[in-house]
Ligand code: ADP
Ligand code: ASP
Ligand code: MG
């Protein structure tokens, strides 16, 4: 008997028919003798619908008071899912009980809309499992010290599931989704993308942090910190395929670096359309200027990603960085109204139509020329690189958003990542 956490995403929970199929699949695992905790997302499109309603009433909800209410609204999507799934499980003849994050409780900090899990009390869940129940826990939501409902950021149900698995020392966390594993890049953009049967934790972390939405980055962080065996697999196989086959399918995140040694230099390609670029032109080039520009941005709780500073001419320089598109208007406002006059720069330019494309692979540590191949490939496609950033296991470029798909496809081919290709 094993203790296993199943997570089902929005598409997997997308209709009552899909929810019934999830219940049948879970029942298969229970009947094989396993203890199962299920963490579902809201039905597909539901979180967007709920946040859309909120937006109609307050287009720019950015005060803590307003963001508290956004979370109160958004968390209801998962509340509905757990109740429906528990009913579907009971209809399968199983004993099942649903809990909201506040009932477990899943404790978080108070950073509304992007809260972090601080503690999970598993007493109640363990008692239910011992009594033979399937426990269904909301993804995405938690509760802060003051008793407010919080949410964990978009895609946060992955994190709820892995965190519950970590807290309960589960034998495995199975992330069921609408693709049958982690691919060399998003198969919606490159149909020739190849499924990886394993991926190292470091590579998965980097792909997630560079925008690959198959797993929320914090879920990967939890998996790494607590060594939770985590597998991404399809919820769209027939529910009654043999359990052993299902248990070995998809993509397993591995923690042993050596296993990957003879694999391709580049494991995968990620892209991120959620960023915007801001350039400050004609900044006086003197010590402390980066702090004067970015200090107020950080104080406003706006995360900055890629940063470049140009060489200076006549004592002046240009300074560019990227922020999340949700923070773009706020950042532009702040720079124009406060920062520009304070530092005496000439002007601020913004471009929200950019994207970041990244190649990721542990093999890049020991291979030279990988970045050069990336730059050559993009130049052959006539794509201008606006910014570059590198680390040991990734190279990212910022380019015009309209070239994103072209860039991803060309790089996927250049690094021999397609099905059947030999790298
Ligand atoms: P869920 O609702 O199950 O959480 P998501 O939509 O959040 O599902 O994540 C699954 C989607 O992630 C896939 O449909 C796919 O389009 C996308 N995706 C992006 N990058 C990858 C990748 N490297 N491998 C597989 N899927 C990816
Ligand atoms: N329902 C939430 C979202 O759409 C959380 C999730 O699906 O993981 O972002
Ligand atoms: Mg998701």
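The values are calculated or read from the model by the stated rules, or taken from the named source; none is laboratory data. Quick caveat: nothing in here was measured; it's all calculated off a predicted structure. Here Cβ is always computed from backbone atoms with ideal geometry, including for glycine, and neighbour counts include all displayed protein chains.
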In the stretch 1-112, which helices (runs of 4 or more DSSP H) lie fully inside it and hold 2 or more residues that are touching a strand residue (DSSP E or B) at 6+ places or on another chain (Cβ under 6 Å) and closer than 17 Å to residue 159 by Cα? 64-74, 76-91
For the stretch 227-274, how many residues meet the condition of being assigned to a helix (DSSP H, G or I), modelled with pLDDT under 95 and either in contact with a helix residue (DSSP H, G or I) (Cβ under 9 Å, 6 or more places away or on another chain) or closer than 15 Å to residue 12 by Cβ (or both)? 2
Name the single residue that is surrounded by the most Cβ atoms within 10 Å (Cβ to Cβ) among those in the stretch 205-220 being out of contact with any helix residue (DSSP H, G or I) (no Cβ under 7 Å at 6 or more places or on another chain) and at negative phi. 207
Working only within the stretch 208-242, note down all residues that are more than 16 Å from ligand 2 (Cβ to nearest atom) and farther than 25 Å from residue 167 by Cβ. 210, 234, 236, 237, 238, 239, 240, 241, 242
State yes or no: is residue 93 within 14 Å of ligand 2 (Cβ to nearest atom) and closer than 27 Å to residue 239 by Cβ? no
Against the definition (part of a loop (DSSP other than H, G, I, E, B) and under 24 Å from residue 67 (Cβ atoms)), how does residue 302 come out, yes or no? yes
Within the stretch 338-349, the count of residues that are surrounded by fewer than 16 Cβ atoms within 10 Å (Cβ to Cβ) and either at positive phi or not in a loop (DSSP other than H, G, I, E, B) (or both) comes to 6
Please determine, by comparing only the residues of the stretch 28-50 that are away from ligand 3 (no atom under 15 Å from the Cβ) and touching a helix residue (DSSP H, G or I) at 6+ places or on another chain (Cβ under 7 Å), which one is farthest from residue 246 (Cα to Cα). 50
Unique residue being in contact (Cβ under 8 Å) with a residue 24 or more places away in the chain and at negative phi when the list is 375, 321: 321
From (1) in a strand (DSSP E or B); (2) more than 18 Å from residue 269 (Cα to Cα), pick out the condition that doesn't hold for residue 335. (1)
Which is within 16 Å of ligand 2 (Cβ to nearest atom), surrounded by 21 or more Cβ atoms within 10 Å (Cβ to Cβ), over 21 Å from the mean Cα position of the chain (by Cα) and touching a residue at least 24 places away in the same chain (Cβ under 8 Å), of 22, 5, 39, 26? 22
Which helices (runs of 4 or more DSSP H) sit wholly inside the stretch 119-210 and have at least 2 residues that are closer than 25 Å to residue 38 by Cβ and within 16 Å of ligand 3 (Cβ to nearest atom)? 157-167, 201-209
For the structure I just gave you, tell me whether residue 121 is surrounded by fewer than 21 Cβ atoms within 10 Å (Cβ to Cβ), farther than 30 Å from residue 52 by Cβ and in contact with a strand residue (DSSP E or B) (Cβ under 6 Å, 6 or more places away or on another chain). no
